[in-house]
Each structure stands twice: as structure tokens, then as C-alpha cells.
1. Here's a check for you: in the stretch 1-25, which residue that is open to solvent by less than 50 Å² (accessible area, probe 1.4 Å) and assigned to a loop (DSSP other than H, G, I, E, B) is modelled with the lowest pLDDT?
2. Within the bounds of the stretch 63-71, is there any residue that is of a type in the set (Gly, Ala, Ser), open to solvent by less than 40 Å² (accessible area, probe 1.4 Å) and in contact with a strand residue (DSSP E or B) (Cβ under 8 Å, 6 or more places away or on another chain)?
3. Being open to solvent by 30 Å² or more (accessible area, probe 1.4 Å), among the polar types (S, T, N, Q) and at pLDDT below 90 narrows it down to one residue among Thr97, Thr51, Thr55; which is it?
4. Out of the residues in the stretch 115-128 that are within 14 Å of the chain's Cα centre (by Cα) and crowded, with 17+ Cβ neighbours inside 10 Å, state the one that is nearest to Val21 (Cα to Cα).
5. Within the set of pairs 6+ apart or on separate chains, which have a first residue in the stretch 60-73 that is over 14 Å from Phe45 (Cα atoms), a second that is open to solvent by 10 Å² or more (accessible area, probe 1.4 Å) and in a helix (DSSP H, G or I), and C-beta atoms under 8 Å apart?
6. What do you reckon, is Val106 open to solvent by less than 10 Å² (accessible area, probe 1.4 Å), farther than 15 Å from Glu24 by Cα and part of a loop (DSSP other than H, G, I, E, B)?
Amino acid sequence: MTTATNTTITKDTITAALREVVKESPDKVYEAPAHMDREGNGLCFYVHTDTEGNTVGAGCIVGTVLHRLGVPLEALARVEGLSATGALQSLDINPDTHLGEELRKVQIRQDDGETWALAYRQVFGEEA
């Protein structure tokens with residue numbers, strides 16, 4: 001995967017990738033790997049690792065979208081623990097303040113156990 005730059009990731013590319021991800025996995029309910037969620041707090045992770053700590057792929061919906069757009073997993077791992085809005089800012093991706101807030105809301109709904117399609121629909125008011 002090529003490395004994306006903040007100029008290639010725009011509001012339109014994020015929105016399109018989000019729709020694609022939701023369409024591909026509408027019934028997905030995010031679950032962090034048990035070995036990563038040691039506290040049992042149900043947090044999501046942008047990047048999933050195996051039990052030895054090796055990176056295995058993108059995790060939550062926002063991590064999946066950003067990785068699809070070319071953000072390296074290593075960069076996503078550095079923003080673990082930040083909200084979607086905070087991750088975008090830390091990655092120097094600033095397509096739109098409103099979109100950052102919408103991604104944060106989708107992420108929260110995902111973390112509450114909703115399917116990716118329902119989380120998207122509740123925030124954007126439409127099917128992906």
C-alpha cells in the first residue's frame with residue numbers, strides 16, 4: 001500500500017471510502033481482540049496486533065477507512081487512544097471539521113456495539 005499524504009486524503013475520499021467499507025461489511029460489529037482489550041473496557045483500536053504484538057491489520061471502522069486511503073498501519077498505531085477527530089489532526093489530515101466530528105460519532109456508535117451500517121445510518125441519515 002502506498003503512503004498517503006494529507007493532500008490526497010480529502011473529505012470526498014474519506015466519505016467514499018467510508019461508504020465502501022460499510023457496504024462491504026454492513027453487519028460487522030467491531031470487537032477488539034481479547035489480548036488487546038486487557039482492561040475489558042471495549043475500546044476500539046485503529047490497528048490490531050497478534051498476541052506477540054505484531055501488526056496484523058486495520059481494526060475499527062476509522063482505522064479501516066484511513067488504511068484503505070493509504071495511511072500506513074505504523075502511523076495509525078501512533079494515534080491509538082485518540083478520537084477520530086484527534087487522529088485526523090495528528091496525522092495532519094484536516095478535510096473538514098464537521099466530517100471529523102461525524103467520524104467520531106460513527107466510531108462511538110461502533111464502540112457501543114452497533115453494526116457498521118447502523119452506525120453510519122444514524123450519523124449520516126442515509127444508507128451507505
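1. Ala4
2. So far as the stretch 63-71 goes, yes, one or more of its residues are of a type in the set (Gly, Ala, Ser), open to solvent by less than 40 Å² (accessible area, probe 1.4 Å) and in contact with a strand residue (DSSP E or B) (Cβ under 8 Å, 6 or more places away or on another chain).
3. Thr97
4. This residue is Trp116.
5. Partner pairs satisfying both residue conditions: Arg68/Glu20; Leu69/Thr13.
6. no
The values are calculated or read from the model by the stated rules, or taken from the named source; none is laboratory data. Since the structure is predicted, the reported quantities are computational estimates derived from the model, not experimental observations. Methodologically, a virtual Cβ is constructed for each residue, glycine included, from the backbone with ideal geometry; neighbour enumeration extends over all protein chains shown. Heads up: the accessible areas ignore ligands, DNA and RNA and are worked out on the full protein's heavy atoms, side chains in. Shrake-Rupley method; radii C 1.70, N 1.55, O 1.52, S 1.80 Å.
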